[in-house]
Amino acid sequence: MNRSLGAFCTFLFGLISLQMVSPCQAYNVSENLSINGFLSFGYIKSRNNNFLGESLDGSFQLNEFALTTNYIANDNLRFGFQLLSRDVGEEGNNDILIDWAVADYRWQDWLGMRLGKVKLPIGLYNQGRDIDFLRPMAFLPQSIYDENKRTLVVAALGGSIYGNISFGDSGDLDYQAYYGKVDFREDSGQARGMEKLLGKTAMQKGLGEVYGFEADNRYVYGGSLVYAPPLDGLRLGASYFTGQTDFDFKIGAKDGYARGTNKDFVVLSMEYFLPDWKLAAEYTEFTGDREVLGIDIPDGRSQGGYVQLCCHIFEPIVLSVLYDVFYADKDDHNGSNFVAKGQPDFLGWRKDVGLGLRWNISDQWIIKAEHHWLNGAALQLPIFNPEGVEEDWSYFVLKTSFNF
Amino acid sequence: MKLLKSFIVLCFLLILFPGRMEAADFVLVVNKKNPIESMNRSDVKKIFLGKKSFWPDGKGIDVFLQAEGDIHRSFVYDILNKSPRQLTLYWKQVLFSGIGVPPKKLPDNRSVKEAVASNPQAIGYVDILQLDESVKQVYLNF
């Protein structure tokens with residue numbers, strides 16, 4: 001809480017300082033060197049369940065700060081990096097991390113290469129997922145952009161190739177393909193989910209306490225295609241992701257080992273925008289497979305998708321409406337597999353209806369407020385609610401962001 | 001209830017028929033040494049969205065945007081089919097995702113003409129009434 005208040009003071013100080021100077025004068029250090037950044041700060045309050053942290057009592061652990069530097073060496077070569085500090089519930093704790101850092105060589109329009117830590121193109125919005133003022137709501141739709149999976153899918157140390165292929169009057173195609181390793185944080189929702197599963201399995205087998213838990217990503221690879229047809233404002237996308245992570249730990253006096261594989265994460269996307277409104281819809285399927293203490297625990301193939309409509313009601317105000325649904329097992333929408341294990345059926349789904357208002361005070365500063373009504377407790381909700389989860393719950397977010 | 005219905009109807013009307021400022025006429029300009037005479041609208045759009053970064057001779061394209069104003073607004077609506085705010089957000093997504101750097105933004109027609117006149121790789125847009133001999137007009141093929 002003190003950390004969050006400190007962050008809030010930093011935010012306010014930064015906001016006041018940045019408003020006092022002209023962006024053009026302050027941040028283009030030279031012709032080829034530029035510095036940019038963003039700050040956001042929010043408050044979340046939920047009812048019936050905690051979401052990502054201790055939100056039942058209200059929480060200010062909802063902030064992001066970033067500083068971005070780019071140096072353009074010549075027509076083909078750019079160097080850049082972004083430092084990011086975020087605190088979202090129990091993840092992040094405002095540690096300052098390298099979000100991305102690249103040497104970007106664009107040979108021609110149809111072929112370029114980035115080496116370093118690259119953001120991963122999953123769906124239409126994953127590469128910009130931490131930038132609050134780009135998101136219509138405080139969080140991207142969780143069926144695809146699950147905050148608990150963020151560590152695995154946000155960026156990788158490795159490289160990517162990319163380009164734009166023109167089809168003349170038939171539109172153009174953006175492509176990206178990548179391979180690398182992820183710096184897997186132990187405070188991520190996915191690592192915490194594995195740790196919880198390990199503890200439960202070890203207890204069932206009478207093997208003792210699990211400690212010294214460490215996550216080590218082996219690889220991630222994938223790619224994306226985004227086609228822009230001749231119809232102005234329409235984008236159609238498809239992306240693919242696969243990754244594997246090993247977990248080492250001590251159990252009793254012995255070394256333990258577990259493995260998590262996230263494979264065939266497929267997202268199909270559609271976005272259509274006009275100057276005053278935007279419609280986005282995405283569909284996903286995802287296979288999880290965990291091996292714990294020699295026991296294979298297939299998590300099955302999950303399924304999800306959303307539809308989101310954003311309209312400018314009048315110039316500075318944008319209204320956003322979201323319907324987002326996720327099923328832990330695409331072949332078990334009723335959660336009967338959970339019932340067979342003695343658990344509530346509603347762990348098998350998560351349905352989210354959200355309504356939000358965003359006030360664009362300027363191109364640099366926004367404020368947004370939103371409310372979500374949810375049914376179901378899939379997507380790791382029990383991690384944040386060890387004493388049990390409720391089927392119906394809701395949350396409210398108030399957030400402000402500044403960028404320069 | 002009647003008030004709520006009126007509000008909903010008003011919202012729909014505002015969404016369907018949003019208010020626009022009267023369009024200002026702009027022209028696309030390049031450096032006088034640039035051999036380009038005309039361009040397709042789709043190519044212009046790709047240049048200003050960073051998807052096309054090289055001239056036919058292989059040299060990089062230096063893009064100049066204008067700051068907020070009627071000319072910028074007309075260009076962005078007519079050529080890019082976006083609102084100025086959507087264009088700003090587009091480039092901020094590119095910037096903060098680590099996949100590119102936004103074009104330079106200049107305050108007025110005069111500074112765009114100066115930048116284009118002094119840079120053989122430059123492209124920009126100015127008010128048609130401000131067009132002069134210092135830069136070369138590029139005609140748009142629709």
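Report, by residue number, each residue of region A:310-322 that is more than 8 Å from chain B (Cβ to nearest Cβ), in a strand (DSSP E or B) and not hydroxyl-bearing (Ser, Thr, Tyr). Selection gives A:Cys310, A:Ile317, A:Val318, A:Val321, A:Leu322. A:Leu120 passes every criterion in (1) out of contact with any Leu (no Cβ under 7 Å at 6 or more places or on another chain); (2) more than 9 Å from every other protein chain (Cβ to nearest Cβ); (3) open to solvent by 10 Å² or more (accessible area, probe 1.4 Å); (4) among the hydrophobic types (A, V, I, L, M, F, W, C) apart from (3).
Flag set for B:Asp70, criterion: away from chain A (no Cβ under 11 Å), open to solvent by 20 Å² or more (accessible area, probe 1.4 Å) and within 28 Å of A:Phe273 (Cβ to Cβ). Counting only strands (runs of 3 or more DSSP E) that fall entirely inside region B:27-142 and contain at least 3 residues that are free of Cβ contacts under 8 Å to residues at least 60 places away in the same chain, the qualifying elements are B:104-106. Filtering region B:129-140 for residues that are surrounded by fewer than 18 Cβ atoms within 10 Å (Cβ to Cβ) and within 13 Å of chain A (Cβ to nearest Cβ) leaves an empty set.
If you go through region A:138-155 and keep only what is without any contact (Cβ under 8 Å) to a residue 40 or more places away in the chain and of a type outside the set (A, V, I, L, M, F, W, C), you end up with just A:Tyr145.
Go through the residues of region A:166-173 one by one and say whether even a single one is open to solvent by 40 Å² or more (accessible area, probe 1.4 Å), within 13 Å of chain B (Cβ to nearest Cβ) and assigned to a strand (DSSP E or B). So far as region A:166-173 goes, yes, one or more of its residues are open to solvent by 40 Å² or more (accessible area, probe 1.4 Å), within 13 Å of chain B (Cβ to nearest Cβ) and assigned to a strand (DSSP E or B). Of everything listed in (1) more than 8 Å from every other protein chain (Cβ to nearest Cβ); (2) open to solvent by 20 Å² or more (accessible area, probe 1.4 Å); (3) modelled with pLDDT under 95, the single unmet condition for B:Arg85 is (1). Could you tell me whether A:Asp132 is at pLDDT below 95, open to solvent by less than 10 Å² (accessible area, probe 1.4 Å) and more than 17 Å from B:Val101 (Cβ to Cβ)? In short, yes. Within region A:91-101, take every residue that is open to solvent by less than 60 Å² (accessible area, probe 1.4 Å) and of a type outside the set (Gly, Ala, Ser) and give me the one that is nearest to the other protein chains (Cβ to nearest Cβ). Only one residue tops the list, namely A:Trp100. Of everything listed in (1) modelled with pLDDT under 95; (2) in a loop (DSSP other than H, G, I, E, B), the single unmet condition for A:Thr10 is (2).
Is it the case that A:Phe265 is in a strand (DSSP E or B), away from chain B (no Cβ under 14 Å), among the aromatic types (Phe, Trp, Tyr) and closer than 24 Å to A:Phe326 by Cα? Spelling it out, A:Phe265 is indeed in a strand (DSSP E or B), away from chain B (no Cβ under 14 Å), among the aromatic types (Phe, Trp, Tyr) and closer than 24 Å to A:Phe326 by Cα. Scoring A:Lys330 on the criteria (1) surrounded by fewer than 20 Cβ atoms within 10 Å (Cβ to Cβ); (2) in a strand (DSSP E or B) leaves a single failure, condition (2).
A search for C-beta distances below 6 Å between a residue of region A:167-195 that is under 19 Å from A:Ser85 (Cβ atoms) and any residue that is open to solvent by less than 30 Å² (accessible area, probe 1.4 Å) and modelled with pLDDT of 95 or more, counting only pairs 6+ apart in sequence or on different chains, returns A:Val182/A:Ala156; A:Val182/A:Val220. Tell me yes or no: at least one residue of region A:271-290 is open to solvent by less than 30 Å² (accessible area, probe 1.4 Å), at the interface with chain B (Cβ under 10 Å from one of its Cβ atoms), more than 20 Å from A:Asp352 (Cα to Cα) and aliphatic (A, V, I, L, M). For region A:271-290, residues open to solvent by less than 30 Å² (accessible area, probe 1.4 Å), at the interface with chain B (Cβ under 10 Å from one of its Cβ atoms), more than 20 Å from A:Asp352 (Cα to Cα) and aliphatic (A, V, I, L, M): absent.
Every residue, every condition in (1) in a loop (DSSP other than H, G, I, E, B); (2) open to solvent by 20 Å² or more (accessible area, probe 1.4 Å), yes or no:
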position	(1), (2)
A:Met137	yes, no
A:Ser143	yes, no
A:Thr151	no, no
A:Leu207	yes, yes
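Matching residues to (1) touching a helix residue (DSSP H, G or I) at 6+ places or on another chain (Cβ under 6 Å); (2) surrounded by 16 or more Cβ atoms within 10 Å (Cβ to Cβ); (3) within 14 Å of another protein chain (Cβ to nearest Cβ):
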{"position": "B:Ile79", "(1), (2), (3)": "yes, yes, yes"}
{"position": "B:Leu106", "(1), (2), (3)": "yes, yes, yes"}
{"position": "B:Val116", "(1), (2), (3)": "no, yes, no"}
{"position": "B:Gln121", "(1), (2), (3)": "no, yes, yes"}
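For region B:25-67, a tally of residues being open to solvent by less than 10 Å² (accessible area, probe 1.4 Å) and within 9 Å of chain A (Cβ to nearest Cβ) returns 1.
Residue count for region A:348-365, restricted to those that are buried (at least 22 other Cβ atoms within 10 Å of the Cβ) and out of contact with any His (no Cβ under 8 Å at 6 or more places or on another chain): 2. Look at (1) more than 9 Å from chain B (Cβ to nearest Cβ); (2) open to solvent by 10 Å² or more (accessible area, probe 1.4 Å); (3) polar (S, T, N, Q) and you find that A:Ser188 fails only one, number (2).
A single entry from A:Ile367, A:Ile297, A:Ile313 fulfils the requirement of being modelled with pLDDT of 95 or more and more than 21 Å from A:Glu282 (Cα to Cα): A:Ile367.
Among the residues of region A:215-226, is any surrounded by 15 or more Cβ atoms within 10 Å (Cβ to Cβ) and modelled with pLDDT under 95? Scanning region A:215-226 turns up at least one residue that is surrounded by 15 or more Cβ atoms within 10 Å (Cβ to Cβ) and modelled with pLDDT under 95.
Note on region A:104-117: residues that are in contact with an Asp or Glu (Cβ under 9 Å, 6 or more places away or on another chain) and either at pLDDT below 95 or within 11 Å of chain B (Cβ to nearest Cβ) (or both) amount to 5.
A:Val307 meets all of the listed conditions (1) more than 14 Å from chain B (Cβ to nearest Cβ); (2) under 30 Å from A:Asp232 (Cβ atoms); (3) open to solvent by less than 30 Å² (accessible area, probe 1.4 Å); (4) not hydroxyl-bearing (Ser, Thr, Tyr) but one, namely (3). Here A:Tyr327 does not fit the description of being of a type in the set (Phe, Trp, Tyr), within 24 Å of A:Phe133 (Cα to Cα) and touching a strand residue (DSSP E or B) at 6+ places or on another chain (Cβ under 7 Å).
The values are calculated or read from the model by the stated rules, or taken from the named source; none is laboratory data. All figures in this text were calculated on a predicted structure; none of them were measured in a lab. Here the Cβ is made from the backbone with ideal geometry for all residues, glycine too, and neighbour counts use every protein chain on show. Surface accessibility is based on the protein's heavy atoms, side chains included, excluding ligands, DNA and RNA. Shrake-Rupley method; radii C 1.70, N 1.55, O 1.52, S 1.80 Å.
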